[in-house]
Amino acid sequence: MSIIFHEGSKTFHLFNEEISYIICVLSNGHIGNLYFGKKIHDREDFSYLIESKQRPMTACVYEGNRKYSLEHLKLEYPVYGTSDYRNPAVEILQENGSRISEFKYISHEITDGKPELAGLPATYVEEPEEAQTLCLRLKDEVTGIVLELLYSIFSGKGILARSARFINEGIAPVHLLNAMSLSLDLPDSDYVWMQFSGVWARERHIIERKLEQGIQAVGSIRGNSSHEHNPFIVLRRPSTTETSGEVMGFSLIYSGNHRMQAEVDTHNTTRVTTGINPQNFDWKLDCGESFQTPEAVVVFSNQGLNGMSQTFHKLYQKRLVRGYWRDRPRPVLNNNWEATYFDFTEDRLVEIAAKAKECGVELFVLDDGWFGKRSNDYTGLGDWVANKERLPFGIKGLADRIEEMGMKFGLWFEPEMVNKDSDLYRAHPDWILHAPQRASCHGRNQYVLDFSRKEVVDCIYDMMYKILSESKISYIKWDMNRSITECYSVALPADRQGEVFHRYILGVYNLYDRLTTAFPQILFESCASGGGRFDPGMLYYAPQGWISDDTDAAERVRIQYGTSMCYPISSMGSHVSVVPNHQLNRITSLHTRANVAYFGTFGYELDLNKLTDEEIAEVKAQIVFMKEYRELIQFGNFYRLKSPFDGNETVWMTVSEDKRKALVFWYRERNVVNAEFTRVRLQGLDPDLIYKNEYNGTENYGDELMNLGLLTTDVTAGEPTNEDLPCTDYESRIYVLTAE
Ligand code: GLA
């Protein structure tokens, strides 16, 4: 891996074994993009790639050079207001009302390693040789604003991390109205766009379409990264599959308002921009102040979607997630939410925990309802002290009882929220985000605390710190159950109201940072009504996230499949819940519910006391299985083989680093009669090793399994009268493959 600067042609070539990223200083001082893709040879000068022609009529050009129009150049961080009419990466409102800027190269620096981004989550390195960073310094002479563009290339894999920093070295304040993290111009538009979209209980479904002229974008203006559109998009070539072909994934390490966009102009070039959503964004930059954008990560792979996903998985698992839990298999847990909702006493919780312990569960989690006067969702949020009617000896009393049983104890918080019926709100009614003289919308009867204010974050920190330091707490589920409305802070002046959304999320990051520093061994799981804030920003603080409130196995197959495009299996909170399922009323078998939930952190969201003896025996076996294989499942190399978005069957698998163990998971939605013979070609095995299949006792070389496939045909391919026919929809099975 290296970053080379060619002085003569003012060209930068960032490359490793997989990719080349080539940019240069253009003759007008702007930065141009020359190439991004599979690694190519270096050369002194790539300027033949800068194509500029005198075009008829409409193109606006620089004085003295009729060929030089920014409209037709591939630019790195395009500005607003000169001769480029595509969407810019930056727009700056100046004191005189002008929004025009021109950033020209002044200097650069190449360093080993990768710097931290102050106050923001970002990928990191442990050793300087893991990455190299180029910092380009540009300046807009009129305003005196300096722009630093950061590019970090990681060794080995096709990963580039980018961000931008603005420093006001001028003599007047300016307003940043748009400050993207990444802008990338591609020379053609022959791509399929993929987005990961949904709603509450149906998050991150894969939606794709051919890229067309015009703008295609997804984003959020809800104050969180949202259930609706994940801050992740993919551009793949039309012929790219899961296992072959070129693909680029763009991921934004940010948990607030984002925009992920691709603009195809009428000459069929493509501009990708990702960053903070400019809608409602207006950051006042006083003289001497700086503004750092979030980090965007782009991954290039020529080994299909699986190749791209594996690169993201390893990067986010090892160099975004931090701390004690990063490399550790996650505890099997039992959460009481769907078992009791708000209706519990200490003894009832202990009863649930005792049965869980008997089954092999390691962590008992007390969800919503333990604090203040929280007996329903109208009251209590903000009062982070135990409800003595339910928990007479406080959280400490319950935590001690759970610990005495030999289990760990975990607790739910929703730190950013308040109910009007709470002591916190009564004491500080102006601490919620609200606009003067206007009504405030609520979501689930709750209001959003103004986390842009330090005193608010401090107060919540103090309450949480007290609980966490008094009791033995090993896990926190951090929830966020509504989107933001009336985003206005009474603590900020009029000309800083456009900063509130971003300051809010910085406040959230600050609280996470302080708590994870004070309690480094606590395992944090993020949550936002399920998957409303499942993004890389959260993963920096919380190694796992509750991916959806929908615990139905069939729905979860889709959600987990879509989520796996970017996020590692170790990050996906997934549990077995009761049937009929509480979201859908659907009935699926206990083994299918577990077969789906295994692909994540695993746990139970029910009262095991209510299961039959036969079911308890099955649960015990499931937990034994998960403990044996969780390292492989959560940290192995994951491959998607058949998509639930394409047909009736879903198959995915995971392979150990040494390729001697593999698990193949097969799910079928609808039962079929007189079905076709089916097989699935496996991935990632050693072609020369013989794998024993524990499911049916067969033995096959890796090359057989990868080329002619694993036979998955079952009795459904026979006559319907066959007595062995497993007459269920939502059937599933696991193939354990082992090579000596
Ligand atoms: C959200 C979460 C659930 C549960 C409830 C509690 O909906 O996603 O898992 O914690 O809040 O109110």
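According to the square roots a ≥ b ≥ c of the eigenvalues of the Cα gyration tensor, what is the shape class of segment 480-592, taking rounded for a/c under 1.5, prolate for a/b larger than b/c otherwise, and oblate for the remainder?
Prolate shape, in that a/c is at least 1.5 and a/b is the bigger ratio.
Please report the relative contact order for segment 2-319, taking Cα pairs under 8 Å with a sequence separation of at least 6, and give it as a percent rounded to a whole number.
The normalised contact order for segment 2-319 reaches 16 percent.
Report the label-to-label distance for V199 and E212 in nanometres (one decimal), using points 7 Å from each Cα along the Cα→Cβ vector.
2.4
Tell me the trypsin sites (Lys or Arg not before Pro) within segment 404-512 that lie in a loop according to DSSP and have at most 16 other beta-carbon atoms within 10 Å.
R438, R444, K472
Taking the convex hull of the Cα atoms, report for segment 73-146 its projected area averaged over all directions, in nm².
Orientation-averaged projected area of the Cα hull: 6.9 nm².
Using Cα-Cα distances under 8 Å and only pairs 6 or more residues apart, what relative contact order does segment 642-739 have, in percent?
It comes to 35 percent, rounded to a whole number.
Once you order the gyration tensor axes a ≥ b ≥ c over the Cα atoms, which shape class does segment 642-739 get: rounded for a/c under 1.5, otherwise prolate or oblate by comparing a/b with b/c?
The shape class here is prolate.
If the cut-off is a Cα-Cα distance under 17 Å, which lysines reach K659, setting aside same-chain residues fewer than 8 apart in sequence?
Partners within reach: K314, K692.
Restricting to DSSP H runs of at least four residues, report the calculated mean residue ellipticity at 222 nm for the chain, -39500 (n - 2.57) per run over all residues, nearest 500 deg cm²/dmol.
Calculated at 222 nm, the ellipticity per residue is -6000 deg cm²/dmol.
Write down the percent of antiparallel bridges among all DSSP beta bridges whose residues are both part of segment 201-344, to the nearest 5.
95
Hey, if you put +1 on the Cβ of every Lys and Arg and -1 on every Asp and Glu Cβ in segment 542-678, which of P644, A554, H591 ends up farthest toward the positive end of that dipole?
Sorting the options by dipole projection puts first P644.
Figure the gain on full extension for E17 and I106 (residue separation times 0.36 nm, minus the Cα-Cα span) and round it to one decimal in nm.
Gain on extension, E17 to I106, equals 29.1 nm.
Considering the convex hull of the alpha carbon atoms of segment 2-319, report its projected area averaged over all viewing directions, in nm², one decimal.
16.4
Treat each spin label as a single point 7 Å out from the Cα along the C-beta direction, and report the E389 to R670 distance in nm.
A separation of 5.0 nm, rounded to one decimal place.
Please compute the alpha carbon radius of gyration of the chain, then divide it by the globular-protein estimate 2.2 N^0.38 Å. Two decimals is fine.
After normalising by residue count via 2.2 N^0.38 Å, the value is 0.99.
Whenever you get a sec, compute what percent of the accessible area on the chain sits on carbon and sulfur atoms (1.4 Å probe).
Ligands and nucleic acids excluded, carbon and sulfur reach 49 percent.
If you take the square roots of the eigenvalues of the alpha-carbon gyration tensor of segment 94-232 and sort them as a ≥ b ≥ c, do you get rounded (a/c under 1.5), prolate (a/b over b/c) or oblate?
Verdict is oblate for segment 94-232.
State, to one decimal in nm, how far the label point of Y62 lies from the label point of K610, with both points 7 Å from Cα in the Cβ direction.
Result for the modelled spin labels: 7.1 nm.
Distance check, please: which entries in K157/K210; K39/K104; K355/K408; K373/K420; K114/K284 exceed 19 angstrom between their Cα atoms?
Where the Cα-Cα span goes over 19 Å, the pairs concerned are K157/K210; K39/K104; K114/K284.
Could you work out the relative contact order of the chain? I mean the mean sequence separation of Cα pairs under 8 Å and 6+ apart, divided by the number of residues, in percent.
Reported relative contact order: 10 percent.
Subtract the Cα-Cα distance of N585 and E7 from 0.36 nm times their separation in residues, and report this length gain in nm to one decimal.
That pair, N585 and E7, stretches by 201.4 nm at full extension.
Write down the accessible area per residue of the chain in Å², having rolled a 1.4 Å probe over the full set of protein chains.
38
Just to confirm the number: angle between the C-alpha axis of helix 394-404 and the first principal axis of the chain, 0 to 90 degrees, nearest 10?
60
The values are calculated or read from the model by the stated rules, or taken from the named source; none is laboratory data. Worth saying up front: this structure is predicted, and the values here are computed from it rather than measured. With ideal geometry, Cβ positions are generated from the backbone for all residues, glycine too; neighbour counts draw on all protein chains shown. Protein only, heavy atoms only, side chains kept; ligands, DNA and RNA dropped before computing areas. Shrake-Rupley method; radii C 1.70, N 1.55, O 1.52, S 1.80 Å.
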